[in-house]
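Asker: Just dropping this structure here.
What follows is calculated from the coordinates using simple rules that are stated; it is not laboratory data. Please read all numbers here as calculations on a predicted model, not as lab measurements. A quick note on method: Cβ atoms are made from the backbone with ideal geometry, for glycine too, and the neighbour counts reach across all protein chains shown.
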């Protein structure tokens, strides 16, 4: 390594969008919108680094492929299936721990004393984990996981510390009485398990490391995160198929058939692991599989005494459509209010010390407790108890007397043989309250349902977005179930439709409101069907969700997309708008390129890496008519020109090769004979070159050829001179080469340069060395690095005339990070990144396009 380090590569002087900016802290990433008034004015930020889902087929990777046979391929596939199974099992165990702990804390809270003090005390522990220890653990985590699977790297989102904070935080927030759910955090937890388990190491536990050579790329990690997120849904709702569809619909931007099977297998593993242990622990029925998920909707069936009752009829579909419209309107209202609260927090809460956020969450908890107590005492109605009370699971009944009160019925200051209907909803767990609304017939008055819906709607809207781990699925289901029961009561009492089954309307109301908030259709339909174990509900649920989504989309986006937009994440939608096809690749590309040559001095590489924040660099050579003159007496320029000539493919040359024997094909060693580029500029006399680089006084743009003017005096033609494109090399690859001393002397051939294997290149994944951490005194700035064996020589490229829709589809479906724009003669003219394909950026370019017409 001593011989290798420090030089300045030839590149364009100005910085470009060739790569994404370096990530800021999670605290800075949550502060957005202080200067903009509306979301539409917020352009996606370049703080977020993209993930590299494309496969880099370079020499080290080809060497791996050459040693791969069918036996090794089957072993690799078997290991992947075993890891997927382990992810599902671990996610199920996480769900078991969360469920058991929440039940324990909830029983402790309600069983010892129903006071504000006990309700809010656990919240302090929640805040200590989520906001003071690791802020990224706050919230549901679904927006962040959706961004990760879309190709955006959110700092700290799949760390082990995040998992611990999320799990312990949601325990106390749910048990503490906040209007939040644990299903959203379960999805995040499953994704973290999927990201970390295949690595067999953790950044949080650096001393614990295993030599596990598999799955050391963003591409593999993405697939396991998809499986983990699906397993989280499956564990939460007992819906393995719904979890698979959720990962496909809401999460993963890149999918294939093989991944479908693995994700479904992972979801099944999580569901049956949770089911096995819950059935054994709660009922002592080990192996009975009675409790498939954390949320059980019970069995929907009519009473045996009511012969006219049906779960639903064709006539009810009209009511369901209307409920879908109302649910979409309510969901759009919820999202609008929550968006305003989020923007207020970003401007007035997040910029302040962390204690302010703790106090805000404490205020929410106190107000929630006061609302629950006051509403139950003042607004609740005391209603007569029946001799029996159906719990709603269809398997048993509990006798209710003044001495033995049903655990799901709350008397709460009511006389004997009566119960408080408002307290029955507020002082049960959210899951029990949902069961009450689904299966307890005639228990709640319309006034109570309306008041409960309004209070829960407002408090859930206020709570979502605070600095605690929180989910939105169960609060939305509970709020929507109250709305559905209210509709059923009105139709029964005031219109005379006594044959209606109230539980069906509660379920449809829950689907309508949840669909209006999150705007999911296919996956949510299957999740609800699997949760109810009633396939006949498929049509009404699907119709309701579609209508709710269409209605809500007319006003705003889903709640998760709104929060993603407020954070300025460069999320790529499924497709572009039709009018964007007026733009071409040349209209949206970034022409100001920072590039390297096939053979580059270390001083150039160090300067480029230290003075730019790009994550990939085109590997280019220049087009000059008098190349032979410049090859004389300059080994560096000669090496680059030789590489350029050797890489040019002609029809005549190809035909000549095909006419020869297979042994005459040029080997991969040939291109290593070609050497580096850049005629480097001699450092000033009596001035240390490395010191200049550290102080950034050494120009990273030296004269390339003797006849060129200094970089400060470059003309437009010199800055944007023709460059033949040969491939892409990543920042992480260049830094790895410098750290490991991969270089050669100018007096030697590039074949003498040490070679790194694929395992050595990926050894530091996912935390590659940083250029600023290198000790530059160990570098020899005059040494040369041959980057050609490690660059991607065949990345996806597009023509400047390619329409934006084609560019977008290629970029998104292939999971690209950088897309070079190459003209008809093989010259690179620009680069496209995900920032150039976001809706906001395209709309801005379209407006410029119209102005130039």
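Asker: Please express the shape of segment 497-596 as an equivalent ellipsoid: the semi-axes are the square roots of 5 times the eigenvalues of the C-alpha gyration tensor, given largest first in whole angstrom.
Answerer: The answer is 41, 14, 13 Å, longest axis first.
Asker: On to the next question. So how do 803, 835 line up by other beta-carbon neighbours within 10 Å, fewest first?
Answerer: Fewest to most other Cβ atoms nearby, the residues stand as 803, 835.
Asker: Which distance in Å, rounded to a whole number, links the C-alpha centroids of segment 723-776 and segment 472-541?
Answerer: The two parts, judged by their Cα centres, are 58 Å apart.
Asker: Now for a separate question. Mind giving me the nanometre distance, one decimal, between the label points for residue 354 and residue 340, set 7 Å out from Cα along Cα→Cβ?
Answerer: Distance between the two pseudo-spin positions: 3.2 nm.
Asker: Which distance in Å, rounded to a whole number, links the C-alpha centroids of segment 251-281 and segment 551-596?
Answerer: 31 Å
Asker: Does segment 721-799 classify as rounded, prolate or oblate by the C-alpha gyration tensor (a ≥ b ≥ c root eigenvalues; a/c under 1.5 gives rounded; else a/b over b/c gives prolate, otherwise oblate)?
Answerer: Because a/c hits 1.5 or more and a/b fails to exceed b/c, segment 721-799 counts as oblate.
Asker: Looking at the P(r) of segment 740-853, how many percent of alpha-carbon pairs lie beyond 24 Å?
Answerer: More than 24 Å apart: 51 percent of the Cα pairs in segment 740-853.
Asker: Let me ask something else. Given N residues in segment 546-619, what is its alpha carbon radius of gyration divided by 2.2 N^0.38 Å?
Answerer: Working it through for segment 546-619, the quotient is 1.80.
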